[in-house]
Amino acid sequence: MKILLTRKLHDFAIKELKRKYDVEIHTGSIPMPKKLLISKIKDKDGLICYPYDTIDSDVINAGINLKAISTYSVGYDHIDVKTASRRGIVIGYTPEVLTRATADLTMALMLSLFRRIPEGDKLIRNNKWRTTFGPYEFLGTDLYKKTLGIFGMGRIGKAVAKRASGFEMDVIYHNRTRLSKKEERELGVKYVSSDNMFRTSDVISIHTPHTTQTHEVVNLKLLKKMKKTAFLINTSRGKIINEKDLAMALERKMIAGAGLDVFQKEPIDSKNPITKMDNVILMPHSGSATVETRKKMAEIAIKNLVLGLSGRKPIYQVKT
Ligand code: DGY
């Protein structure tokens, strides 16, 4: 069988794939240009792709032999799942293994915002540190007893709730479906309406997948409800936030700041006003970017593909 990788994966994964298949790896510009992808997918049985690849109906339908798609990500909003399912193509993805790393990065952004870590680092490097240790010197905010609002209580949302309870924060959440009373008790979280969550939280963290329902769901209307002292964190998908509205809210100090790992366009445009703001901490889509996690994702991604191509169920299969 023939497979296509839109980018190189770990050496161990390539080796294993080459033992089983005729492997073609795209080594040019990233993402792989659509025209090229369409021409290369024509004779392939399997595809390994990334969150920035657009696997739409043109691509899927060009793959006349395509049987399995394996994405190196938990998110699969870049794949036209309906078209794939109509064609009987299975889709594998990589949840669970990246839950902890993404929750850790969320907490890192939260701590960085509350304790002004990038600002302090910049102050010293720019030789602007003049006085030390005063009652009003470089003050941040405690996490202790602050209210964290989690928007989307799936695997990653729950992992963030667990970490936040270690910091003795009060955790509220909003989700499409409410957790069981038992799970709420175990996690120490309280269900509230999204309106209530945006109004009362000191920090809001987005953990919902990007779907037609969540597209730009965080807009000016919701941002206006937030406290002026509150922060917004997004380690999920950029398209969940209306970025123009967020830029306006940050510029007008309607909220205190934001910690962003994901953006509408990635890599972000250097002209995007968000990149110029002091009250924002930016990361280059790195929620799952740890040595351990990215290796585990590769293991799962290749297993998913192998299983899908042999007509078996991938370890993690996107429901169609
Ligand atoms: C994913 O896997 O979808 C993440 O966004 C990668 O960090």
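The values are calculated or read from the model by the stated rules, or taken from the named source; none is laboratory data. Because the structure is a prediction, the values reported are computed rather than measured. A quick note on method: Cβ atoms are made from the backbone with ideal geometry, for glycine too, and the neighbour counts reach across all protein chains shown. These area figures cover heavy atoms from the full protein model, side chains too; ligands, DNA and RNA do not enter into them. Shrake-Rupley method; radii C 1.70, N 1.55, O 1.52, S 1.80 Å.
Key figures
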| read-out | value |
| --- | --- |
| Long-range neighbours under 7 Å by Cβ, at least six apart or interchain, first residue touching a residue at least 60 places away in the same chain (Cβ under 8 Å) within the range 158-176, second part of a helix (DSSP H, G or I) and among the basic types (K, R) | A159/R100 |
| Residue that is farthest from the ligand (Cβ to nearest atom), among those in the range 97-137 that are surrounded by 13 or more Cβ atoms within 10 Å (Cβ to Cβ) and in a loop (DSSP other than H, G, I, E, B) | R116 |
| Out of Y52, Y76, sole residue that is crowded, with 21+ Cβ neighbours inside 10 Å, within 16 Å of the ligand (Cβ to nearest atom) and in contact (Cβ under 8 Å) with a residue 40 or more places away in the chain | Y76 |
| Subset of the range 287-305 (residues that are buried (at least 17 other Cβ atoms within 10 Å of the Cβ) and of a type in the set (A, V, I, L, M, F, W, C)) | M297, A298, I300, A301, I302, L305 |
| The range 79-96 residues that are open to solvent by 10 Å² or more (accessible area, probe 1.4 Å), paired with ones that are at pLDDT below 95 (beta carbon under 8 Å, 6 or more apart) | V81/T320; K82/T320; S85/T320 |
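To keep it simple, each residue is scored yes or no on (1) under 24 Å from L98 (Cβ atoms); (2) within 16 Å of the ligand (Cβ to nearest atom); (3) out of contact with any strand residue (DSSP E or B) (no Cβ under 8 Å at 6 or more places or on another chain).
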| residue | (1), (2), (3) |
| --- | --- |
| I204 | yes, no, no |
| T208 | yes, yes, no |
| Q213 | yes, no, yes |
| L222 | no, no, yes |
| K225 | no, no, yes |
| T235 | yes, yes, no |
| K239 | yes, yes, yes |
| K244 | no, no, yes |
